[in-house]
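Peer 1: Sharing a structure below in structure tokens format, with a few things to ask.
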């Protein structure tokens, strides 16, 4: 007699529609979380790169001041006021487009340039939803602008550096205060 075994469990031949739907929902949620995290990392990277370059420029200015103090040539620092800070670097960053009379034509975000007419170093922000300035001009909210300015004793109390004032040093200053946010900022 041949014995014949029968299985009490039905044989499955793949995923049910419900199981497939649950897997798709889980993968979608994980993907959404990963994309959000990647965007925040991209914003942090841009902010860090911008701040790092500003720190490098400030260090270059400080070295220039130190050299002039050591050689007793402090009055010669006047030539650096409103000059292009990138000229103080041995190597300019790859995202520095150069020096232009005005804004370069169709610049890409995440790039720097120097505007000769306004004597301003400009950074064009890529992740503008996470960046804001106190600039009154809404068209300037994607731009971080900097100048080399004099640190001086205002001997004639006129509020600006001129030949009657005592130059004490230089600093790289933002033209408008700015901030980076970890949350997207709604445009005005």
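Derivation of every value follows stated rules applied to the coordinates shown; laboratory data play no part. Just so it is clear, the structure is predicted and the values come from calculations on it, not from any experiment. Cβ coordinates were reconstructed from backbone atoms using ideal geometry, including for glycine residues, and neighbour counts include every protein chain displayed.
Peer 1: Peptides 57-69, 112-124: what's the order by average Cβ count within 10 Å, highest mean first?
Peer 2: Going from most to least packed, we get 112-124, 57-69.
Peer 1: Stretch residue 100-residue 157 to full length: gain in nm at 0.36 nm per residue minus the Cα-Cα span?
Peer 2: Stretched out fully, the residue 100 to residue 157 stretch lengthens by 17.1 nm.
Peer 1: Compare the peptides 46-55, 89-98 by average per-residue count of other Cβ atoms within 10 angstrom and give them in order, highest first.
Peer 2: 46-55, 89-98
Peer 1: Counting alpha carbon pairs within less than 8 Å and at least 6 residues apart, what relative contact order, in whole percent, applies to the chain?
Peer 2: Reported relative contact order: 18 percent.
Peer 1: To the nearest 10 degrees, how steeply does helix 17-70 sit against the main Cα axis of the chain, on a 0 to 90 scale?
Peer 2: 20 degrees
Peer 1: Gap in Å between the Cα centre of the stretch 103-176 and the Cα centre of the stretch 53-97?
Peer 2: Result: 15 Å between the Cα centres.
Peer 1: Still on this structure, please answer the following. Put a dot 7 Å past each Cα toward the Cβ at residue 118 and residue 182; how far apart are the dots in nm?
Peer 2: Once both label points are built, they end up 3.2 nm from each other.
Peer 1: Suppose we take every Cα in the stretch 7-157 and form the convex hull; what volume per residue is that in Å³?
Peer 2: Taking the convex hull of the Cα positions in the stretch 7-157, it is 228 Å³ per residue.
Peer 1: Further question: Within the stretch 162-179, list the residues whose amide N lies under 16 Å from a label point set 7 Å along Cα→Cβ of residue 74.
Peer 2: Hits in the stretch 162-179 for residue 74 at 16 Å: 162-171.
Peer 1: Under a crude label model (7 Å from the Cα following the beta-carbon direction), how far is residue 39 from residue 164 in nanometres?
Peer 2: Reported label-point gap for residue 39 and residue 164 is 5.5 nm.
Peer 1: Expressed as a fraction of 2.2 N^0.38 Å, the rule-of-thumb size for a compact globular protein of N residues, what is the C-alpha radius of gyration of the stretch 121-188?
Peer 2: Working it through for the stretch 121-188, the quotient is 1.46.
Peer 1: What does the extension gain come out to for residue 91 and residue 62, with contour length at 0.36 nm per residue minus their alpha carbon separation?
Peer 2: 8.8 nm
Peer 1: Moving on. Which order do the peptides 125-133, 37-45, 172-180 come out in when sorted by mean C-beta neighbours inside 10 angstrom, highest first?
Peer 2: 125-133, 172-180, 37-45
Peer 1: With springs connecting C-alpha atoms under 10 Å apart, model the chain as a Gaussian network and identify which of 164, 111, 141 has the largest mean-square fluctuation.
Peer 2: It is 164.
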